[in-house]
Amino acid sequence: METKYAITVDDLTVAYNYKPVLWDIDLAIPEGVLMAIVGPNGAGKSTLIKSILGIIKPIAGSVKIFGKPYKKQFKEVAYVPQKGSVDWDFPTTALDVVMMGTYGSLGWIKRPGQKEKKAALEALEKVGMLSFKSRQISQLSGGQQQRIFLARALVQNASIYLMDEPFQGVDATTEKAIINILKELRKAGKTLIVVHHDLQTVPEYFDWVTFLNVKKIATGPVKDIFNDGNLTKTYGINYKVSVQE
Amino acid sequence: MSSAQIEIQLIACLVAIACAIPGTFLVLRKMAMISDAISHSILPGLVIGFFITEDLNSPWLILLAAVTGVITVIMVEFIQKTGLVKEDTAIGLVFPALFSIGVILIAKNANDVHLDVDAVLLGELAFAPFDRLSVNGVDLGAKSIWIIGTIVVITLTLLITFFKELKVSTFDKQLAATLGFSPLVIHYGLMSIASVTTVGAFDAVGAILVVALMIAPAAMAYLLTNDLKKMLIIAILAGIASALIGYWVAHYLDASIAGSMTTVLGFLFLLVYLFAPSKGLISVLYRQKRQQVEVYLLTFMLHLQNHSEESERHINHLGEHINWGKMQSKTVVDLALKNNMIVIDNNIISLTEKGQGFTQKAIDYITTNSTVAIEEMKDDFFLFRG
């Protein structure tokens, strides 16, 4: 049987001011995996995600979401940007930020109503933030802000979730809570792609992994390719990670 | 009040409303200086438009001048994108260049044009009622009312229609892009409205003061609320208030209306800056002071908890042990006593049950960063309010 791919990346090259940050990336991400993208700082991990989302224009190559360009498939994709990418002093509440996740399916002009509010409240409950719904977003801790971003992606009810360092600067409880939700989503058949920093937790959290350092080093199931050889190739130094069986 | 006075106040209020709406989004997008650039660089557009239409209130002139505003934004972004200079430098390069072209154009044609640099910079609201709009000989009121009124209606309609899009693209541009709302379209839409509004308001309040009307009400509203809709409403109301108060100040001082309006705006902003309930300067300083005292309190309680030996807990020897001055020790001891957290028996200080509980909860919070334990303490202590 042929594997169905959620995302296919072909010969993707991205450059900032003529300096390549991603070089000829080929990547086929099967549907239903929970995948980590790992690599050193400056490896182009965030850039890869943003190129998949069409936020950054590549100088060569293409990206397909379920076989079609992103523009035609944006309702299938939810994005969790880095927490630091927005101004948390913006005058709005936790609930309102989560509601923004519903804007995509509403399209231009149409306003969110009771149905969207209900979905947002459910998402808040799922991430354990329902009691904070009216809190101004600057009054939330870093972990809580990350949960709000996750809830916003959940209401999009997408097939693919792209997350840029969702565990950055969150407490241990939040990390556990987030990974449990991600695993639940995978069970429901969703595809999840996560930029990840903590190599120790890769085997525990993920079933698929992509090693990236400007070029693609390797991609595949964690149990097959998450080894010292690939880590060394990616990080350039002799790497030893004790992989628990 | 004469009808001219009422008309002037009406124009001032309409200008304030038209400015407050794009101003709110400019402030939230940290683009306040762009309004300054637009307001100056529309001058050549105005002058050229005036040569063509020979009517300062022609809609064509307004559109032509507004296009110059949008071109300014494009030029600033172009220069900035090369990475050779920063945004503020790019703004400082573009608008004086365009403005000075306008100044030269006026000076060269001063004889044919009843435009002068003073009017351009400061506007002349007092003369607005002289320019009438009449259809078939029927007087419909001052032309300015119709022009700026139309701009207000358009701006409000666009705001209500695209509120959701404006909000999401202002808060999170990348999310907006992935949801299918082109941030570029919204950005240039907003810039166009800001430009049209600036041109419309230009005649009444001039190039310098229009900036104040865009930024000051929004900045005030930002300090007073945590809700975008309320921020817009407060900005509009602050603008209207300053327009009306400013008019009467000008009336009694026999001074420039636009100048008075802006002075009132500045004064209102100062009041808000000082006295806003949670974001005002006094409130912030008070909170910091309280937090500082509470940190000392906690340090003191920890010391008591850590030391069972009486020598460490003697009231007269506190200074030696935790290296505090007399005054500071007294402040902290008094605060702890007031909260029933300690008892002093024979000059020896001991924690009460409440003190023990407080200290333990605080330690739990600091070590685990879990906020559950301290939710109830937030009401009494600033330290835990983040």
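Each residue, B:SER308 and B:TYR286, gets one label point 7 Å from its Cα in the Cβ direction; the gap between the two is 4.3 nm.
Between A:SER131 and A:GLU31, the C-beta separation translates, for a Förster distance of 41 Å, into a calculated FRET efficiency of about 0.70. Bridgeable aspartates and glutamates around A:LYS215 (alpha carbons under 13 Å apart, same-chain partners fewer than 8 residues away excluded): A:ASP10, A:ASP11, A:ASP24, A:ASP26. Within a straight-line Cα-Cα reach of under 16 Å, B:LYS167 can be paired with the following aspartates and glutamates, leaving aside sequence neighbours fewer than 8 residues apart in one chain: A:ASP87, A:ASP89, A:ASP96, B:ASP227.
Among A:ARG152, A:ARG111, the order of accessible area from largest down is A:ARG111, A:ARG152, computed with a 1.4 Å probe on protein heavy atoms.
Selection among B:ALA126, B:LEU268, B:VAL103 by position relative to the dipole of chain B gives B:LEU268 as farthest towards the positive end (Cβ unit charges, Cα centre). About its Cα centre, the dipole of the protein assembly as shown is roughly 1380 debye, where the only charges are +1 on Lys and Arg Cβ and -1 on Asp and Glu Cβ.
What you get for chain B, charging only the Cβ of Lys and Arg (+1) and of Asp and Glu (-1), is a dipole of about 520 debye around the Cα centre.
Take the alpha-carbon centre of segment B:57-92, take the same for segment A:53-69, and report the distance between them in whole Å. Cα centroid to Cα centroid, the span is 31 Å. As a length-normalised measure over Cα pairs under 8 Å and 6 or more apart, the relative contact order of chain B settles at 19 percent. Mind telling me which of A:PHE206, A:PHE90, A:PHE74 comes out most flexible in a GNM of chain A, alpha-carbon contacts under 10 Å? Highest fluctuation among the options: A:PHE90. The modelled label-to-label distance for the pair A:ASN157/B:GLU54, using points 7 Å beyond Cα in the direction of Cβ, is 6.4 nm.
Separation of the alpha carbons by more than 30 angstrom is noted, of A:LYS117/A:LYS216; A:LYS83/A:LYS118; B:LYS30/B:LYS361; A:LYS187/B:LYS361, for A:LYS117/A:LYS216; B:LYS30/B:LYS361; A:LYS187/B:LYS361. Relative contact order, whole percent, for segment A:5-82 stands at 36, derived from Cα pairs under 8 Å and 6 or more residues apart. From the alpha carbon centroid of segment B:234-307 to that of segment B:17-44 is 23 Å. Name the shape class, rounded, prolate or oblate, that the alpha-carbon gyration tensor gives for chain B, where a ≥ b ≥ c are the square roots of its eigenvalues, rounded holds for a/c under 1.5, and otherwise prolate holds if a/b is larger than b/c and oblate otherwise. Since a/c reaches 1.5 and a/b is larger than b/c, the shape of chain B is classed as prolate. Would you calculate, for chain B, the mean residue ellipticity at 222 nm contributed by helices, counting each DSSP H stretch of 4 or more residues as -39,500 (n - 2.57) and dividing by all residues, to the nearest 500? Mean residue ellipticity, 222 nm, calculated: -24500 deg cm²/dmol.
The helix-based estimate of mean residue ellipticity at 222 nm for chain A, built from -39,500 (n - 2.57) per DSSP H run of four or more residues and divided by its residue count, is -9000 deg cm²/dmol to the nearest 500.
Assuming a ≥ b ≥ c are the square roots of the Cα gyration tensor eigenvalues, decide whether the protein assembly as shown counts as rounded (a/c under 1.5), prolate (otherwise, with a/b larger than b/c) or oblate. Verdict is oblate for the protein assembly as shown. Relative to the current alpha-carbon distance between B:ALA107 and B:VAL295, full extension at 0.36 nm per residue lengthens the span by 61.2 nm. In the elastic network of chain B, a GNM with C-alpha springs shorter than 10 Å, the most mobile of B:MET231, B:MET191, B:MET327 is B:MET327.
Of the cross-linked pairs A:LYS110/B:LYS229; A:LYS126/B:LYS164; A:LYS64/A:LYS190; A:LYS126/A:LYS183; A:LYS110/B:LYS173; A:LYS4/A:LYS68, those separated by over 22 Å at the C-alpha level are A:LYS126/B:LYS164. When DSSP beta bridges are limited to those with both residues in the protein assembly as shown, what percentage is antiparallel, rounded to the nearest 5? Close to 65 percent. Among A:ILE217, A:ILE29, A:ILE109, the largest mean-square fluctuation in a Gaussian network model of chain A (Cα springs under 10 Å) belongs to A:ILE109. The distance separating the Cα centre of segment B:316-335 from that of segment A:134-194 comes to 47 Å.
What is chain A's relative contact order, in percent, from Cα pairs under 8 angstrom and six or more apart in sequence? The normalised contact order for chain A reaches 26 percent. For a quick check: with amide H placed at 1.01 Å from N, whose amide H comes under 5 Å from A:VAL209's, ignoring anything fewer than 5 positions away on the same chain? Amide H neighbours of A:VAL209: A:ALA36, A:GLY220, A:VAL222.
The values are calculated or read from the model by the stated rules, or taken from the named source; none is laboratory data. Since the structure is predicted, the reported quantities are computational estimates derived from the model, not experimental observations. Note that each Cβ is placed from the backbone with ideal geometry, even for glycine, and that neighbours are counted across all protein chains shown. Please note that ligands, DNA and RNA were not included when accessible areas were found on the heavy atoms of the full protein model with its side chains. Shrake-Rupley method; radii C 1.70, N 1.55, O 1.52, S 1.80 Å.
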